[in-house]
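Below is one structure; the comments refer to it alone.
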Amino acid sequence: MGAKTIIEPFRIKSVEPIRQTTREERQKLLEAAGYNLFLIPSEHILIDLLTDSGTNAMSTEQWAAMMRGDESYAGSPSFTRFRESIQAIMGYKHVIPTHQGRAAERILFEVMCKKGDVVPNNTHFDTTRANCEFVGAEAVDLPIPEALRPSVQHPFKGNMDTAGLEALIGRVGAKQVPLAMLTVTNNSGGGQPVSMRNVKEVKQICSRHGIPLYIDACRFAENAYFIKLREAGYSKKTPREIAREMFQNADGCTMSAKKDGLANIGGFLCTNDDSLAQQEENLLILTEGFPTYGGLAGRDLEAIAVGLNEGLHEDYLNYRIASTAYLGNHIAAEGVPIVQPPGGHAIYIDARAFLPHVPPRHFPGVALAAELYLEGGIRSVEIGTLMFGKRDEKGSEWAAPMDLLRLAIPRRVYTQSHIDYVVEVILAVWRRRNEIRGLKLTYQAPFLRHFTARLKPMGNTGPNV
Ligand SMILES: Cc1ncc(COP(=O)(O)O)c(C=O)c1O
């Protein structure tokens, strides 16, 4: 049958009730949380779009595999299945399990980088940047210029600026660049994909200078599917074949299995280099665990082994990419400014364009997040001036380059009617956008302030500036 409707490619066997709250309750909860949605207990959230990380729904096969989990300290067959599943997809010689992605990053940078080194990436995710800087290296972002312009359409907005990479290597010298990275899809840049052509061009530049290339592979399956849909020559290939080709053009990868591993926890580090792998395993033993479990339970290794394969199923990816685009396209059609085109795992609303009367120092992204919660119990997250801005010694706010609001879609969790509800709530807030006030800080921590900051609305009187 040639039906056009893209359905959720699963049926529901176990349900998790979600609780409706009244607007009055939500108003009180918001005030108690200082208008910071991180501080609202999740039982008071109706639709939670805070993150797609670790929030996946697992399949019957994953739950069944968990029962097979062998919890032996050393040499567990669960590790063998985990390694085989990863090697079949990614093809790397060494597979090092970690409790999540950032542990793989910490080990990678500790082994490969030293003070004064420079690590280019299309865009470093915040934990990647932090781990790179922790060993004294400089994390340099090299997105293509289109990535910084939310309304501009580009099929591969996650690409690295290859001329920028050449220039950087020319400026600092290849000896100062122990590795380069490509984040697929580019999370910080809006979940935008990287083309195969870009992967190959970056690899060629790196090879010419003797620099290894690592892939931050969190959303590798979504990236592979975008290549299938958008890049010439790939429409007949399977996502698995495309993923394999991507990984063949790199020397290793870091992975958070909490994304395209369709698991709730876990990660790994891969490399083809025997000597690096040995040093990495030694560090692993120090802080994560023995190399056949690396901080994970045997049952987690099993869930990931199965989840990685399910994440490459074409009907799943078709539904996944279509359902994220469904949300983006429905709100954009009514004029809501979003980062275009819709990404793989999230929709980013341009909060500065949504609330042009709220200046960055009054946190338009946080104000919008609070309104979506108040209107319909939806949790989203600001990626803007609260997260990345700073206050100087005189107390003035520095704005982040953009004020975005991210709506991240957990995998296999919400149905189309949930997303229709989200669309309705966003449009209700859009219609009354002129009444929305900015916020001011009442408390901020010295670092990573967005997690614990407390804010209150600007007064009713006087200009909202
Ligand atoms: C692109 C990217 N890299 C790395 C990480 C870190 O992974 P984890 O949260 O498992 O430590 C994330 C998590 O969101 C991510 O999106």
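The values are calculated or read from the model by the stated rules, or taken from the named source; none is laboratory data. Keep in mind the model is a prediction, meaning the values are calculated, not measured. When we count neighbours, we look across all protein chains shown, and the Cβ atoms used for this are built from the backbone with ideal geometry, even at glycine. All accessible areas refer to the heavy atoms of the entire protein, side chains included, with ligands and DNA or RNA removed. Shrake-Rupley method; radii C 1.70, N 1.55, O 1.52, S 1.80 Å.
See the values below:
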read-out: Theoretical gain in end-to-end length, Thr238 to Ala445 [0.36 nm per residue, Cα-Cα removed]; value: 69.8 nm
read-out: Neighbourhood charge, 13 Å Cβ-Cβ cut-off, centred on Pro291 and excluding it, Lys, Arg +1 and Asp, Glu -1; value: -2
read-out: Peptides 262-271, 55-64, 320-329 ordered by average Cβ neighbours within 10 Å, highest first; value: 262-271, 320-329, 55-64
read-out: With every protein chain in place, region 68-119: carbon and sulfur % of accessible area (1.4 Å); value: 50
read-out: Members of Lys4/Lys237; Lys115/Lys200; Lys115/Lys258; Lys4/Lys236 lying beyond 25 Å, as alpha-carbon distances in this model show; value: Lys115/Lys200; Lys115/Lys258
read-out: Mean ellipticity per residue at 222 nm, deg cm²/dmol - from DSSP H runs of n ≥ 4 across the chain, formula -39500 (n - 2.57); value: -12000 deg cm²/dmol
read-out: Protection proxy ranking, peptides 119-132, 272-285, 330-343, average beta carbon neighbours within 10 Å, highest first; value: 119-132, 330-343, 272-285
read-out: Full-extension gain in nm, Ser207 to Gln248, via 0.36 nm per residue minus C-alpha separation; value: 13.5 nm
read-out: Cα-based Kirkwood hydrodynamic radius, region 337-380, one decimal, Å; value: 11.2
read-out: More than 20 Å apart - percent of Cα-Cα pairs taken over region 127-235; value: 41
read-out: Ala163-Arg432 FRET efficiency (beta carbon distance; Förster radius 45 Å; 0.05 resolution); value: 0.50
read-out: Accessible area in square angstrom per residue, region 69-170, 1.4 angstrom probe; value: 40
read-out: Qualifying trypsin sites (Lys or Arg not before Pro) in region 1-51, DSSP loop, other Cβ atoms within 10 Å at most 11; value: Lys4, Arg11, Lys13, Arg19
read-out: Portion, in percent, of the accessible area of region 230-345 that falls on carbon or sulfur, probe 1.4 Å; value: 48
read-out: Debye, to nearest 20: dipole size of region 312-465, +1 on Lys, Arg Cβ, -1 on Asp, Glu Cβ; value: 560
read-out: Taking the C-alpha atoms of region 1-136, convex hull volume expressed per residue in Å³; value: 258
read-out: Rg/Rg_ref, region 46-204, where Rg_ref = 2.2 N^0.38 Å and atoms are Cα; value: 1.22
read-out: Calculated log₁₀ intensity ratio I(q)/I(0) where the Debye formula runs over C-alpha points of region 226-268, q = 0.18 Å⁻¹; value: -0.66
read-out: Peptide ranges 170-182, 85-97 listed from the most packed, as the mean C-beta count within 10 angstrom indicates; value: 85-97, 170-182
read-out: Rg/Rh (Cα only; Kirkwood hydrodynamic radius) as it applies to region 124-186; value: 0.99
read-out: Within the chain: Cβ-based charge dipole about Cα centre, in debye rounded to nearest 20 (Lys, Arg +1; Asp, Glu -1); value: 760
read-out: Cα Rg over Rh - region 212-345, Kirkwood; value: 1.05
read-out: DSSP beta bridges in the chain [antiparallel fraction, %, rounded to 5]; value: 70
read-out: Kyte-Doolittle at least -0.5, axis length at least 24 Å by Cα - qualifying DSSP helices, the chain; value: 314-332
read-out: Mean accessible surface per residue for region 308-380, computed with a 1.4 Å probe while every protein chain stays in place, in Å²; value: 25
read-out: Cα convex hull volume per residue for the chain (Å³); value: 154
read-out: Per residue accessible area in Å² of region 242-282, where ligands, DNA and RNA are left out and the probe is 1.4 Å; value: 29
read-out: Proximal aspartates and glutamates to Lys93, defined as alpha-carbon separation beneath 16 angstrom and excluding residues fewer than eight positions away on the same chain; value: Glu84, Glu245, Asp251, Asp273, Asp274, Glu280, Glu281
